[in-house]
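Data block below; observations after.
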Amino acid sequence: MITHTKTSFLLGCIAGATLLILSQASFGQAKHVNPWTAKKMAEISPLASLTDGVWLKGELHVHSRHSKESSNNPISKILAFSRSAGIDFVCITDHDNHVDGDVAHNTWADPEFKSDSILLLYGAEWTTTRGHGNVFSAKPYDHQLLYDVRDQRDVTIGTVKNKLGVHLSANHPSGKDNFGYSYDLVQSIEVWNSVLWAKNANAIMIWDDMLSSGRKLTGRGGSDAHHGIPESPDKVTKNSNEAKVNYVGTPTTWVYAKKRTSQAVIDALTNGRVAISSNPYAPRVEFYADLNNDGKMDMMMGDNAKSTGKPVKFQIRLSAATFPDGDYTITVIKNGGKLNTYTVTGKQPLAEFTDTPAETGRTYYRVTVEGPQTPYPQLPAWAAISGNMVGLSNPICFNFDPNF
């Protein structure tokens, strides 16, 4: 027999269960809105001219005798070699810890640190227990301040770096002395370090990760050369053979600068109008996009535009004084994955494709080129270990937040 008390208890349980179900249903209907979800971009700054500028080629990571482990490499030798290879700009990046941060009274104070034909950037390799980075500047700056905060928190380092107004770049991010700071501190990444391309695969992966996360960081190269060819047999060291294969321009970083000045080089490096070639004579990659399909290119690598959700026509050109016999393989990377591969040849190699960047959310495209190597007359032994990577571009970007 069910008593009144039991009946009340059962009715209470049923009512409670009903309330719980209704409550859960109500909670289930409440939809979470992520405030960071990608939205259609507001207007992005107008694109710079594609014709009002000049291509300049240079070396952004090389060590002189002011780096203690270097050999037979005075600044005069670096600059003489650079002139012979037609190099336009050089940043001598000696290790700052070898002079306790006092780069200004060592590398920059060297009487040989001058040139009438080569743009000399001011810089150094920021050498720390958390990795290495290169500093680039068009004018002298107080490097001692940056050296002194190398073991502080990233936020402190960022404050000092911004106050100095310098460009900071992550060196060999995946190899020995990998960059261990936040990538929010840097404007570029050394994605091609030295003549040995194979060891840069992980650096490229890091670069793609940063681009995919919205960090519009420029990819650049640097030989990281430490040693020069000795003038006499008595000056030969165990590292002298390195100078025969890896020296200024292996690889070469190209910038599309508004004019031939040190500041214009820094600006182009920051903006990303940059390509990398395996040596100063190898083909330069030029990567363009026609936004409205009117047959006229509107943007180039390093540029960022608002996507309309409509197809965009892209064009890849290889530019060089001469091309060796053989085919080049052009690979297009979209958002970190392979999109297309093209085979080109001839005196004016060119490839075109059409794709549609997402109307909402970020999209980027970049290019790599493999194929026959162009001889490097000043480094004839270079060809034996250079591999087949010829060049790469920086990305063309869509919907990247300029204020990220």
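The values are calculated or read from the model by the stated rules, or taken from the named source; none is laboratory data. Please read all numbers here as calculations on a predicted model, not as lab measurements. Positions of Cβ are backbone-derived with ideal geometry, glycine not excepted, and every protein chain shown enters the neighbour counts. Side chains are part of the model used for accessible areas, which takes the heavy atoms of the whole protein and leaves out ligands, DNA and RNA. Shrake-Rupley method; radii C 1.70, N 1.55, O 1.52, S 1.80 Å.
Globularity index of the stretch 103-245 is 1.15 (Cα radius of gyration / 2.2 N^0.38 Å, N = number of residues).
By average Cβ neighbour count within 10 Å, what is the ranking of 93-104, 44-55 from highest down?
Values: 93-104: 21.2, 44-55: 12.5.
Going from most to least packed, we get 93-104, 44-55.
Sequentially through the stretch 338-351, phi angles give Karplus couplings (6.51, -1.76, 1.60; θ = phi - 60°) of 6, 9, 8, 10, 10, 10, 10, 7, x, 7, 9, x, 8, 9 Hz, Gly and Pro residues having no value and appearing as x. Relative contact order of the chain, taken over Cα pairs closer than 8 Å and 6 or more residues apart, is 16 percent.
A helix-only calculation puts the chain at -6000 deg cm²/dmol for mean residue ellipticity at 222 nm, using -39500 (n - 2.57) for each DSSP H run of at least four residues, averaged over all residues. Would you list, by chain and number, the lysines whose Cα falls below 27 Å from the Cα of Lys313, excluding same-chain residues fewer than 8 positions away? Filter leaves Lys39, Lys40, Lys216, Lys258, Lys296, Lys334, Lys338, Lys347.
Using alpha-carbon pairs under 8 Å, 6+ residues apart, how would you state the relative contact order of the stretch 205-295 in percent? Numbers along the way, then the final one.
Details: 106 pairs, mean separation 23.3, N = 91.
After rounding, I find 26 percent.
With every protein chain kept in place and ligands, DNA and RNA left out, what is the accessible area per residue of the stretch 244-390? Probe 1.4 Å, answer in Å².
Accessible area per residue, the stretch 244-390: 40 Å².
In the context of the full set of protein chains, residues of the stretch 95-173 present 44 Å² of accessible surface per residue (probe radius 1.4 Å, heavy atoms only).
So how many Å³ per residue does the convex hull of the Cα atoms of the chain work out to? Can you show the working numbers first?
Working: hull volume 85.2 nm³, N = 404.
Dividing the Cα hull volume of the chain by its residue count gives 211 Å³.
Split the accessible area of the chain by element, probe 1.4 Å, and carbon with sulfur accounts for 55%. Mind checking which aspartates and glutamates have their Cα closer than 18 Å to the Cα of Lys176? Skip sequence neighbours fewer than 8 apart in that chain. The reachable aspartates and glutamates, counting only those whose Cα sits under 18 Å from Lys176, are Glu69, Asp94, Asp96, Glu125, Glu190, Asp224, Glu242. The largest accessible area among His66, His143 belongs to the first residue in His66, His143, and the rest follow in falling order (1.4 Å probe, all chains).
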